[in-house]
1. Please determine, by comparing only the residues of segment B:231-277 that are within 14 Å of another protein chain (Cβ to nearest Cβ) and crowded, with 22+ Cβ neighbours inside 10 Å, which one is farthest from the chain's Cα centre (by Cα).
2. Among the residues of segment B:174-187, is there at least one that is at pLDDT below 85 and among the basic types (Lys, Arg)?
3. Considering (1) closer than 30 Å to A:LEU112 by Cα; (2) crowded, with 18+ Cβ neighbours inside 10 Å; (3) more than 14 Å from every other protein chain (Cβ to nearest Cβ), say which one B:SER106 fails and leave the rest.
4. Quick one: A:ILE41 ticks every box in (1) β-branched (Val, Ile, Thr); (2) open to solvent by less than 40 Å² (accessible area, probe 1.4 Å); (3) within 14 Å of chain B (Cβ to nearest Cβ) except a single one, so which number is it?
5. Being open to solvent by 20 Å² or more (accessible area, probe 1.4 Å), part of a helix (DSSP H, G or I) and among the hydrophobic types (A, V, I, L, M, F, W, C) is true for just one of B:LEU221, B:LEU213. Which residue is that?
6. So is A:SER155 touching a strand residue (DSSP E or B) at 6+ places or on another chain (Cβ under 9 Å) and farther than 20 Å from A:ARG238 by Cα or not?
7. What pairs come up if the first residue lies in segment A:64-76 and is more than 14 Å from chain B (Cβ to nearest Cβ), the second is open to solvent by 50 Å² or more (accessible area, probe 1.4 Å) and not in a helix (DSSP H, G or I), and their beta carbons are under 6 Å apart, counting only those six or more places apart or on different chains?
8. Among the residues of segment B:64-76, write down those that are of a type in the set (A, V, I, L, M, F, W, C) and either assigned to a helix (DSSP H, G or I) or free of Cβ contacts under 8 Å to residues at least 60 places away in the same chain (or both).
Amino acid sequence: MLAASGSSVDAQNSVKMTVDGASKFYQTRSGGVHALDDVSIKVREGEFLCLLGPSGCGKSTLLWSMAGLHGLSGGEIRLGSEKITKPHPEIAMIFQEANLLPWRNLARNIELPFEIKKQDPDRERINKLLKRVGLEGFETKYPRELSGGMQQRASIVRSLAVNPSVLLMDEPFGALDAFTRDEMNLLIQEIWMETGKTIIFITHSISEAVFLADRIVVMSARPGRIANIVDVDLPRPRPVKIQTTPDFLDRVEAIKAMIDHRPS
Amino acid sequence: MDSALQDKIPTFGAKGQKADVSLGGGMSSLMSGPSRSAFEIFIIIMVAVVIIGGTELAIRLLEVPLYIFPPPSAIGMALVTEWPFLWPHLVTTLCELLIGFSIGASVGFVLAAVITQFPFAEKIITPYILLLVTTPMLALVPLLVLRFGFGWEPRIIAVALASGPMVMINSATGFRRVDLAKIALARSFGASTFQIFTKIRIPMAMPMIMVGLMVGSIFGLLTTVGAEMVGGAEGLGNRLNYYSSMIRMPQFFAVITLLAVIGISIYVIFFLIGKKWTSWES
C-alpha cells in the first residue's frame, strides 16, 4: 500500500541483516564496560524482530551499531553482503521520544532527511504517510504543540518518507502512556504489514515484544548476550485484546521465567 | 545561514500566550502583541505623561537651575534646535557601532563555533576571553589613539574588542548544549559534519547566540560612546564632552536622550529577532 511490498512468502528465509560475533567494550570513568559479548543474529527479510532485555543489556548499543552510528570492538554487521560501518540509506532509525527538532514545524521535520540527502522532498509519499498515520492537517504545528503519540507518529513518517528497507526502533514508545502505546503498537503492526519493511524493535516490555514480534531475541545483561530466541507464531493482525488471552499470557510468563532464571 | 533559521513561527506570540523568550523577559510584558487592550495602552501612556509632566513640574516648582537638570521641555526644544548639528554625529556613532560590532560579533561567533569542537583548545583560550570580557576596553582607547590617532580606527577596534568576547562567550555556551540524540538523528540520515553544524548545532545554540548578540551590542554602544568621549573628534560621545564643557545642559541631555533611544532600539530589535527565531524554546 505504501511501498513496493516485498512478498513475504519467498522472502521468508532470505537474510536481510547479519550480526556476526558483535562485541563492544568501552571505557567510562568508573572502568571498562563489556556492553556486548559475541552476539550473532540473522535478521530475515521482512521480519519483525524484537530485542528484549533489561536496561544495560546492550540492546541499544547493538541497535546503534546496526544503524552505523557506533563502531564495534569485534565482529561485524552486514546488510545483505555489505558491511555496515556508517549510516546506510537503506536503514532508518526511530529514536526514543520521537526526537523531533523543536525549532522546525512538522512538515520541515519530515523534510530533514531530504535536505540532508540534498533531494527534493517526495511530497506525494509524505502526504500519503501523514494521512496514513492521521497527521494530515498538522503540517504547520510545532513539536511542542503535538502529543507524545503524535510526535512519535511524525517521526515514523520522517523515517518512512525516505523509503528505507530496514527500520531500527529504539524503545520508541517507552515514554508513552499505556493507552497511546497500544495504539502505536497497532499502527506499527499495520504499517509493517502494509510495507513489508524489516523492523528491528527494542523494548523492555515483554508483552510489547510478544504483541509485535515474529521472533524475540531475549538478551541478558553484563555482558550483553543472547539468552534465548523465541518464535511468536500468533496470527496477524493481532488485536489489542489478544494481550489478555491465556495463550498470550503464557508466552509472556515463559519469557519472564527465562529472564528471571538466568544466573547472572 | 541555515534555512531553519528563517522558520516562520506563526502561531506563538500571535496568540499573546506564549512563554517568554530566554532573553528580554521584561520586554515581552511590554510587547505582548494584540492581546494588549486599549485600557493597558491608555495606562502606559498616562504613566509616561505623569512621569514626564511631574519631572517638568517638580523642576519648575523647585526652581532647579538649568545647568543642574533641565526640564523635559527644554531638552525637547534642544533636541529640535540642535538636530541639524547633531545628526552627523549620530550617524558617526551608529556607523562605528555597526562596523565594530559586526567585526567583533562575526569573529566571536566563528571562534565560539570552532573552539567548542575542541574542548582542550577551549580550556586554553577561555581565560583570555574572560580577560577581554572583564577588562573595560575603554582603557585601551588612549593607547590605540597613540597608534592610530583621533580617527575612527581606535573606536572601532575598541567596540569590536568589547562586543566580540560577549558574543563568543554566550555563543560558546549555546554550542556546548549538545543533544547527542539529535546529532545521531542527523547522522543516521547521512549528514556531514557541516550539515550537523548548520542544521542541528546552530539552531540549538540560537537562543544563547541571540543573548550574546544583544549583550554584545549594548556593550558595543557603551564602548562606542566612551571611546568617543576619551579619544574622538566626532560622534555623540564627543558631543557629550562638548556640551558639558560649555555647560549647555539641555543639549547635553538631548544627546543622552538620543543614546537612550539607540540603546532601547537595539534591545527591541534583538528581542524581536529572538522572539522569531527562538520561540521554540519554552
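The values are calculated or read from the model by the stated rules, or taken from the named source; none is laboratory data. Source: prediction; values computed, not measured. Note: ideal-geometry Cβ built from the backbone for every residue, glycine included; neighbour counts use all protein chains shown. In case anyone asks, the SASA skips ligands and DNA or RNA and just uses the protein heavy atoms, side chains included. Shrake-Rupley method; radii C 1.70, N 1.55, O 1.52, S 1.80 Å.
1. B:LYS275
2. The answer is yes, given that some residue of segment B:174-187 is at pLDDT below 85 and among the basic types (Lys, Arg).
3. Going through the list (1) closer than 30 Å to A:LEU112 by Cα; (2) crowded, with 18+ Cβ neighbours inside 10 Å; (3) more than 14 Å from every other protein chain (Cβ to nearest Cβ), B:SER106 breaks only (2).
4. Result: A:ILE41 fails condition (3) only.
5. Details: B:LEU221 fails: open to solvent by 20 Å² or more (accessible area, probe 1.4 Å).
Being open to solvent by 20 Å² or more (accessible area, probe 1.4 Å), part of a helix (DSSP H, G or I) and among the hydrophobic types (A, V, I, L, M, F, W, C) holds for just one of B:LEU221, B:LEU213, which is B:LEU213.
6. Spelling it out, A:SER155 is indeed touching a strand residue (DSSP E or B) at 6+ places or on another chain (Cβ under 9 Å) and farther than 20 Å from A:ARG238 by Cα.
7. These pairs meet every condition: A:SER73/A:PHE25; A:GLY75/A:ASP20; A:GLU76/A:ASP20; A:GLU76/A:LYS83.
8. B:VAL64, B:ALA74, B:ILE75
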